[in-house]
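*Asks:* The structure's right below; bear with me while I get my questions together.
Nothing in this text is a laboratory measurement; each read-out follows from the coordinates by a stated rule. Worth saying up front: this structure is predicted, and the values here are computed from it rather than measured. Virtual Cβ from ideal backbone geometry, glycine too; neighbours counted across all protein chains shown.
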Amino acid sequence: MMTLLRQFWRIWAGISLSAVLCAAVPPSVGVEKIGDVVIYADTRFHNAFPSLVRRPDGELLVAFRRAPDRRQLGDLKYSHTDPNSYLMLVRSRDGGQTWSKTPELLHAHPFGGSQDPCMVQLSDHSIVCSSYGWAWMPPTALPKLPQPNAVVGGNFVFLGGYLLKSNDGGRSWGQPIFPPPTPGDPRVDIFGQPLGAYNRGAMCEGSDGRLYWVVAMNPANAGARSENHLMISADKGLTWNYSCPVAQDAKVTFNEASIYETPKGVLVAFLRTAGLDDHLVVARSRNRGKTFEKWEDAGFQGHPAHATRLPDGRVLLVYGYRHKPYGVRARVLDAECTNPGAAPEIVLRDDGGGVDLGYPWVAMVGKDRAMVVYYFNRSDGPRTIEGTLLQIN
């Protein structure tokens, strides 16, 4: 117990210092860093993969994945697959300065651990949250499971994606919604059912009222190389239909993705890659998601990314930076997102303790303030959910 307490106070000491030592922001971009804040910290848990929404009354919700930090229980390392990985939620009523101390249970999957709760707030003020799961299976059971399936970490079998919906500000959530599989994905879950569409990243509700979701898919005979495809819902997330490929390549892997709609109605997808020197890429649709143009290299390293519109119409793009110095970065793009590589890079955090951090999410939390949330570590210590408040000038 004393060891856990000492670790806890070391975290808070580092947090207090980081709130003072703000990273320099180029003055021309009109964004000023106010400081950093702890959203949730508990040394017993590995906390990661947050998302953020602002309710109409100003309340902020942050959802994240929480699982035991197995290193505290004698294991040699942490893992992103865990049978006790649950979706949690905390709230702030003061613009993100303080947060509820005891997280609410958003969802516990009955057959496995859940990952990456990705929330989007719709025009009717309902909230849709996407996630996906992994089931731990005894080694003796693995050969008996339906094939083909996806196994990671020795004996975690993929369960596919699902969605949850709340009509009361995240106080309660309906039964899971299981989207259809992405065409071309041959894999099945532990019950032999096709894997529901899945991904980590932000959906967007278009000006046409439809909900757009870039999902990941592993085609047959592609090994670990995945692609991105578009799913569309016309009924606010209750049912989904396949639309088209977003990004495919014989050598480059595409996976975690967020999608954003510009004022001109262009859908812009920001895609994480592998096999491209860790560069972010951009794919665009100018016909409401019927087709996407050939993907383009954004010209810089960082992943995954999330975008939000600023009051003057520009776009604040945030992304994790898993190279030394580890941390979180941002760029302010023009309204149509045509200049990602040319936009000045803003270093929000550069004091991370290793690659297991980032996954930022950003939202306006006031008339002239934005908040970026992410998960963080120092010296490879316990993972915390933290945020950076920004002044938008």
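*Asks:* Quick check on PRO382: is it crowded, with 23+ Cβ neighbours inside 10 Å and part of a loop (DSSP other than H, G, I, E, B)?
*Replies:* Yes: the conditions hold for PRO382.
*Asks:* Being of a type in the set (Lys, Arg), within 19 Å of SER131 (Cβ to Cβ) and surrounded by fewer than 21 Cβ atoms within 10 Å (Cβ to Cβ) is the requirement here; does LYS236 meet it?
*Replies:* Taking the combined requirement at face value, the residue satisfies it.
*Asks:* Here is a further query. Is it the case that some residue within segment 36-48 is in a loop (DSSP other than H, G, I, E, B) and small (Gly, Ala, Ser)?
*Replies:* There is at least one residue in segment 36-48 that is in a loop (DSSP other than H, G, I, E, B) and small (Gly, Ala, Ser).
*Asks:* Of all residues in segment 232-242 being out of contact with any Lys or Arg (no Cβ under 7 Å at 6 or more places or on another chain) and not acidic (Asp, Glu), which is farthest from ALA197 (Cα to Cα)?
*Replies:* Checked segment 232-242; the qualifying residue farthest from ALA197 (Cα to Cα) is LYS236.
Rundown of residues vs (1) part of a loop (DSSP other than H, G, I, E, B); (2) among the hydroxyl-bearing types (Ser, Thr, Tyr); (3) more than 18 Å from the chain's Cα centre (by Cα); (4) within 24 Å of THR262 (Cα to Cα), yes/no style:
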residue: LYS294; (1), (2), (3), (4): yes, no, yes, yes
residue: THR308; (1), (2), (3), (4): no, yes, no, yes
residue: LEU317; (1), (2), (3), (4): no, no, no, yes
residue: HIS323; (1), (2), (3), (4): yes, no, yes, no
residue: VAL332; (1), (2), (3), (4): no, no, yes, yes
residue: TRP361; (1), (2), (3), (4): no, no, no, yes
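*Asks:* Now for a different question. Out of everything in segment 160-210 that is assigned to a strand (DSSP E or B) and charged (D, E, K, R), what residue ends up being surrounded by the most Cβ atoms within 10 Å (Cβ to Cβ)?
*Replies:* Checking each candidate, the answer is GLU205.
*Asks:* All but one of (1) under 14 Å from the mean Cα position of the chain (by Cα); (2) surrounded by fewer than 24 Cβ atoms within 10 Å (Cβ to Cβ) hold for VAL372, so report the exception by its number.
*Replies:* VAL372 satisfies every listed condition except (2).
*Asks:* Right, something else. Identify the residue in segment 65-92 that is buried (at least 22 other Cβ atoms within 10 Å of the Cβ) and hydrophobic (A, V, I, L, M, F, W, C) and, among all such residues, is farthest from the chain's Cα centre (by Cα).
*Replies:* Filtering segment 65-92 for residues that are buried (at least 22 other Cβ atoms within 10 Å of the Cβ) and hydrophobic (A, V, I, L, M, F, W, C), the one farthest from the chain's Cα centre (by Cα) comes out as ALA67.
*Asks:* For the condition in contact with a Ser or Thr (Cβ under 8 Å, 6 or more places away or on another chain), part of a loop (DSSP other than H, G, I, E, B) and either under 26 Å from TYR319 (Cα atoms) or not β-branched (Val, Ile, Thr) (or both), what is the one hit in LYS236, LYS251?
*Replies:* Unique residue meeting the criteria: LYS236.
*Asks:* Based on what the data block shows, is ALA141 touching a residue at least 40 places away in the same chain (Cβ under 8 Å) and either small (Gly, Ala, Ser) or under 25 Å from TYR374 (Cα atoms) (or both)?
*Replies:* Judged against the criteria, ALA141 is not a match.
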